[in-house]
Amino acid sequence: MSLTLKLGSLAIRTLAKPLGNYIKRNAREHERFRKFCITFAQGLHRIDMRLRLGLLQDPAVIEKQIARELADAEARLKAASVPTVKTEAQTKWTEERLQKEKKKIEEHARRPPRVRPLSEAKAIETGANFISEGFLFCVGMSVIVFEYWRSRRKEGNRRDEVQERLDELAADEAELKERLATMQ
């Protein structure tokens, strides 16, 4: 890679940093951009927290929690009832109540957790940082893609030149063979 291209890419990357800081400043000063940053950061936060909590939750732990809460519910029902012989209807009612309680506990345990939203200041900062870093990433990526494209084009031109030179040499060889054949 040429020295001027290296210096040019370094200059572009260096100039992109103040533009990233400008984006961060505008997030605090401009109302529409601030709202966009807040909305974006809150969505990013919800996705991040759901992924983290979903990855951290172990199905075996959830099953243990359900069993523990179900045992607690049974204990509450037993404590609330009078220790007498139950009729068939009372036993059926108790079983139905336990089944309803079990369904309720399972739904509660498997429900996605509620994620508290970020404060406005934190959301503005997070959204602006993400957008700023995304901008810097895009600038860096475009410099790398340009360098790759340039080197591929240069390599292709070099191959074309070599192929042209080989074609010229083949033509010269054919011409020399023809001359040699006419001389003999």
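All of 20, 54, 43 fail the test of being surrounded by fewer than 16 Cβ atoms within 10 Å (Cβ to Cβ) and either touching a residue at least 24 places away in the same chain (Cβ under 8 Å) or farther than 16 Å from residue 122 by Cα (or both), apart from 54.
A quick yes/no check of all residues on (1) assigned to a helix (DSSP H, G or I); (2) over 22 Å from residue 51 (Cβ atoms); (3) at pLDDT 90 or above:
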| residue | (1), (2), (3) |
| --- | --- |
| 112 | no, no, no |
| 123 | yes, no, yes |
| 132 | yes, yes, no |
| 142 | yes, yes, no |
| 145 | yes, yes, no |
| 154 | yes, yes, no |
| 167 | yes, yes, yes |
| 170 | yes, yes, yes |
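The values are calculated or read from the model by the stated rules, or taken from the named source; none is laboratory data. Computed from a predicted structure; not experimentally measured. Note that we place each Cβ from the backbone using ideal geometry, even for glycine, and neighbour counts take in every protein chain shown.
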